1. For region 68-90, what are the residues that are part of a loop (DSSP other than H, G, I, E, B) and either over 11 Å from D124 (Cα atoms) or polar (S, T, N, Q) (or both)?
2. Checking K71 against (1) modelled with pLDDT of 90 or more; (2) surrounded by 15 or more Cβ atoms within 10 Å (Cβ to Cβ), only one condition comes out false. Which one?
3. As an exercise: evaluate E153 against (1) in contact (Cβ under 8 Å) with a residue 60 or more places away in the chain; (2) under 19 Å from I221 (Cβ atoms) and give the number of the one condition it does not meet.
4. Among the residues of region 218-234, how many are crowded, with 17+ Cβ neighbours inside 10 Å and either aliphatic (A, V, I, L, M) or outside any helix (DSSP H, G or I) (or both)?
5. If you check every pair at least six apart or on different chains, which have Cβ atoms under 7 Å apart with a residue in region 162-177 that is touching a residue at least 24 places away in the same chain (Cβ under 8 Å) first and a residue that is part of a helix (DSSP H, G or I) and of a type in the set (S, T, Y) second?
6. Could you tell me which numbered condition N181 fails, if it satisfies all but one of (1) on the phi > 0 side of the Ramachandran plot; (2) in contact with a strand residue (DSSP E or B) (Cβ under 6 Å, 6 or more places away or on another chain)?
7. List the residue pairs whose Cβ atoms are under 9 Å apart, where the first residue sits in region 198-221 and is on the phi > 0 side of the Ramachandran plot, the second is part of a helix (DSSP H, G or I) and surrounded by fewer than 19 Cβ atoms within 10 Å (Cβ to Cβ), and the two are 6 or more positions apart or on different chains.
8. Looking only at residues that are free of Cβ contacts under 8 Å to residues at least 60 places away in the same chain and either buried (at least 16 other Cβ atoms within 10 Å of the Cβ) or of a type in the set (A, V, I, L, M) (or both) in region 179-197, which one is nearest to K242 (Cα to Cα)?
Amino acid sequence: MKFLRQFFKQTNIKQEYNNKISIDEEYPKDWLDIHFKMYPRFNSIKLKKYNDTNLLQKTVLERRSFREFNKKYAIDFDKLSKLFFYTNRIKNKNGNSLNSRRPYPSAGARFPIEQYIVIFNGQDIKQGLYHFNVYDHSLEKIREEDSRLFFKEICNSDWISNCSALIILTCIPLRTCIKYNNRGIRYILFEIGHIAQNIMLIAENLGLHTCAIGGFDDKKIAKYLKCNKTDEYPLYLISLGK
């Protein structure tokens, strides 16, 4: 795990770098240029384009990141239940947790990702931090509190405090690396991408909006989750709201 601890230490966002450029300043040209790889000397075959789309295809096409949330919108418990049910439940629960399958691929079926949700404004669910228990399909209340200002600070984004909820995805690397050694880190990053895309597409289908967040203070979130002294690391945040 030494390799992973070093990785998180080197990639953690420090406040002085996070504030290096203001949104009011002109972005460097290198940040604005988007590059595409092409082979202009080779023959190409034009692919078809389509207008008729089913629900899944429409959801994929309509998904986008939102940062303008209605602070008054309270996310309801039914939508939260559906969100977790369709993105990260055990599909074949039969009493054998050693042979579980979920709605996303996991290298060696090791499932290193844990999910937490912070409720800022909820309907039939109180403000606070919850852990998703995948085996029981339940939300375990860790503590009740209003933590909007905390996340606004550690993400250095004012709009964070306007969303209704925030999903935190963490990883416990040993689950995967015990089988795949350091190569397992790559598989963990694959997996968290699969899960995040599930969350964003199902949320879109439920009429919710999302924004993926990669810029945050790792150490402060780890401390917030009480996992700063264990081998569990925060990797990804996803805001939810309307």
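1. E68, F69, N70, K71, K72, Y73, R89, I90
2. Only one criterion in (1) modelled with pLDDT of 90 or more; (2) surrounded by 15 or more Cβ atoms within 10 Å (Cβ to Cβ) is unmet by K71, namely (2).
3. Just one mismatch for E153, condition (1).
4. Result for region 218-234: 7.
5. T176/Y187
6. (2)
7. Listed pairs, sorted by first residue: G207/K79.
8. A196
The values are calculated or read from the model by the stated rules, or taken from the named source; none is laboratory data. Because the structure is predicted, anything quoted here is derived from the model rather than measured. Glycine also receives a Cβ, built like all others from the backbone with ideal geometry; neighbour counts cover every protein chain displayed.
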